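Here's the structure, in structure tokens; my notes come after.
The values are calculated or read from the model by the stated rules, or taken from the named source; none is laboratory data. From a predicted model like this one, the values you see are computed outputs, not experimental measurements. Heads up, the Cβs are rebuilt from the backbone with ideal geometry, glycines too, and the neighbour counts pull from every protein chain shown.
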Amino acid sequence: MEHFPGWMVESDYRYLKAAEVSQQDSLQKDEALVNAVAGMEIFLSSFVSTQDDNAGKANEIYKLDMVLINAAHADHQQLGKVLTDKPDKHDVLTLFHAIPESTRRRVGLDRYESLIDQYRKVSTIQREVLRYDSDPGTRRVDSQGRRALPQAWMPTHVHSVLRRAQA
């Protein structure tokens with residue numbers, strides 16, 4: 001890594017603080033989990049990002065090293081962990097495995113692999129929910145006037161992941 005992406009780590013910290021605060025509110029457990037995973041995604045991305053533009057300025061721009069992302073994705077395909085040909089740049093397990101093993105070991109990330117694997121879909125599923133919710137033509141409300149999503153948008157395993165996090 002030629003340039004340390006400090007702003008990514010700062011953003012990661014903000015998401016994790018939001019998760020910590022949200023977790024204390026019994027009505028915001030799902031939001032806490034989503035913020036924690038978003039923070040994890042930014043943190044892991046910081047290890048496989050390269051500077052793209054505006055060096056040393058407030059609006060520095062970074063891009064993911066797609067060679068590393070593609071290699072991690074190909075490994076996951078061989079192991080049967082992913083079915084798609086296109087890598088998901090938001091899949092925290094792909095980001096985790098894109099980090100060179102020596103770096104993961106040196107900073108102690110390896111001990112979190114099973115936790116990362118357990119929550120790997122939270123970030124991508126939440127993005128789908130946000131896309132659905134942002135389209136006015138698809139918004140629905142339940143009998144109490146709350147936002148409601150069709151079953152297809154909230155698979156059963158998402159609910160089980162969110163519930164396990166609350167336990």
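If only residues of the stretch 69-126 that are outside any helix (DSSP H, G or I) and of a type in the set (A, V, I, L, M, F, W, C) are counted, the one that is surrounded by the fewest Cβ atoms within 10 Å (Cβ to Cβ) is L83.
Applying a threshold of 7 Å to beta carbon distances and a minimum spacing of six or more residues, or different chains, the list of pairs starting in the stretch 98-110 at a residue that is within 16 Å of H76 (Cβ to Cβ) and ending at one that is of a type in the set (F, W, Y) reads I99/F47.
On inspection, Y62 passes the criterion of being buried (at least 18 other Cβ atoms within 10 Å of the Cβ) and over 24 Å from L115 (Cα atoms). The numbered conditions (1) farther than 16 Å from K121 by Cα; (2) in contact (Cβ under 8 Å) with a residue 12 or more places away in the chain; (3) crowded, with 16+ Cβ neighbours inside 10 Å are all true for T50 except (3).
Of the residues making up the stretch 48-74, those that are among the charged types (D, E, K, R) and within 19 Å of the chain's Cα centre (by Cα) number 2. If you go through the stretch 47-68 and keep only what is part of a loop (DSSP other than H, G, I, E, B), charged (D, E, K, R) and modelled with pLDDT under 85, you end up with K57, E60.
Contact map, the stretch 65-92: first residue free of Cβ contacts under 8 Å to residues at least 40 places away in the same chain, second residue surrounded by fewer than 19 Cβ atoms within 10 Å (Cβ to Cβ) and charged (D, E, K, R), Cβ cut-off under 7 Å, separation 6 or more or different chains; pairs are I69/K89.
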